[in-house]
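Comments concern the structure below.
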Amino acid sequence: MDRFSIVVGDITGSDAEAIVNAANTTLLGGSGVDGAIHAAAGPALLAECRTLGGCETGRAKLTAGYRLRAKYVIHTPGPIWHGGDRGEPALLASCYRSCLELAEERGIRTLDFCSISTGVYGYPLPLAATVALRAIMDFLADHPLPERVRMVCHTEAAAEIYRQTWNLWYAADKDHRL
Ligand code: AR6
């Protein structure tokens with residue numbers, strides 16, 4: 001799948017047309033990647049977020065990117081991990097799908113995801129990677145847009161978990177491993 005890749009980096013410096021923010025339901029900022037995106041985008045991002053009236057877990061809303069290189073930010077509140085029996089996998093899959101649908105609707109060609117819910121919200125990374133990759137790959141199989149999607153991991157260790165998960169489920173043979 002040449003439309004998808006896993007990279008290590010800081011999503012605030014992304015050159016994609018849109019980046020995904022692991023937000024909370026208020027959309028009014030927080031710590032982790034949310035704090036970093038707001039700090040890099042500047043106060044106009046928070047001002048626009050205030051007009052949105054929050055967002056349900058598993059859904060997504062789009063704003064401009066302001067001082068970011070990315071033209072848009074797609075904000076999605078992921079589920080808080082409670083052990084896995086409170087609908088967390090379906091909600092996490094819905095976050096990825098909602099972001100991809102919104103990107104497609106807006107004609108966005110390049111989209112960078114961060115690893116939603118796997119920081120403050122405590123979703124175990126190997127489980128989250130399986131859900132994330134399945135949601136992304138299923139969407140790309142049926143939709144021409146976005147043309148390019150990346151998972152931007154903050155650490156090499158996280159990227160390795162995503163790569164191993166991708167290789168397990170999607171590499172038909174060793175020549176296709178990430
Ligand atoms: N670039 C890419 N990934 C990053 C960056 C970065 N600059 N910084 C952190 N990560 P988290 P959540 C990774 O906690 O678990 C906020 O307060 C990080 O290593 O940012 O969805 C919100 O307002 C982790 O793998 O988001 C919510 O209240 C991933 O991003 C709450 O945290 C997500 O970690 C959301 O928690």
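The listed residues are ARG106, ARG3, and the only one of them that is touching a residue at least 40 places away in the same chain (Cβ under 8 Å), more than 13 Å from the ligand (Cβ to nearest atom), farther than 23 Å from TYR123 by Cβ and over 16 Å from the mean Cα position of the chain (by Cα) turns out to be ARG106.
Here the range 7-23 is the region considered, the condition is being near the ligand (Cβ under 6 Å from one of its atoms) and part of a strand (DSSP E or B), and the residue that is surrounded by the fewest Cβ atoms within 10 Å (Cβ to Cβ) is ALA22.
Taking the conditions exactly as written (touching a strand residue (DSSP E or B) at 6+ places or on another chain (Cβ under 8 Å) and surrounded by 21 or more Cβ atoms within 10 Å (Cβ to Cβ)), does VAL149 satisfy them or not? For VAL149, the condition - touching a strand residue (DSSP E or B) at 6+ places or on another chain (Cβ under 8 Å) and surrounded by 21 or more Cβ atoms within 10 Å (Cβ to Cβ) - is met. When ALA141, ALA64, ALA128, ALA60 are checked against the criterion of being within 12 Å of the ligand (Cβ to nearest atom) and free of Cβ contacts under 8 Å to residues at least 60 places away in the same chain, a single residue qualifies: ALA128. Residues of the range 117-144 that are crowded, with 18+ Cβ neighbours inside 10 Å and part of a loop (DSSP other than H, G, I, E, B): SER117, THR118, GLY119, TYR121, TYR123. Of all residues in the range 31-44, those that are small (Gly, Ala, Ser) have Cβ atoms under 6 Å from Cβ atoms of residues that are within 6 Å of the ligand (Cβ to nearest atom), 6 or more apart or on another chain, in GLY32/GLY119; GLY32/VAL120; ALA36/THR12; ALA40/THR12.
Here is the figure for the range 104-116: residues that are in contact with a His (Cβ under 8 Å, 6 or more places away or on another chain) and either buried (at least 17 other Cβ atoms within 10 Å of the Cβ) or under 24 Å from GLU88 (Cα atoms) (or both) total 2. When the range 24-63 is filtered for residues that are assigned to a loop (DSSP other than H, G, I, E, B) and aliphatic (A, V, I, L, M), the ones remaining, listed by number, are LEU27, LEU28, LEU52, ALA60. For the range 77-93, the count of residues that are among the hydrophobic types (A, V, I, L, M, F, W, C), within 14 Å of the ligand (Cβ to nearest atom), more than 24 Å from LEU140 (Cβ to Cβ) and in a helix (DSSP H, G or I) is zero. Out of curiosity, is THR26 touching a residue at least 12 places away in the same chain (Cβ under 8 Å), within 11 Å of the ligand (Cβ to nearest atom) and of a type in the set (Val, Ile, Thr)? When the stated conditions are applied, THR26 passes them. Looking only at the range 70-94, filter to residues that are within 24 Å of ALA47 (Cβ to Cβ) and not charged (D, E, K, R); which one of those is surrounded by the fewest Cβ atoms within 10 Å (Cβ to Cβ)? Here the answer is TYR72.
Values in this text are rule-based calculations from the coordinates and carry no lab data. Source: prediction; values computed, not measured. Positions of Cβ are generated from backbone atoms using ideal geometry, with glycine treated the same way; all protein chains shown enter the neighbour counts.
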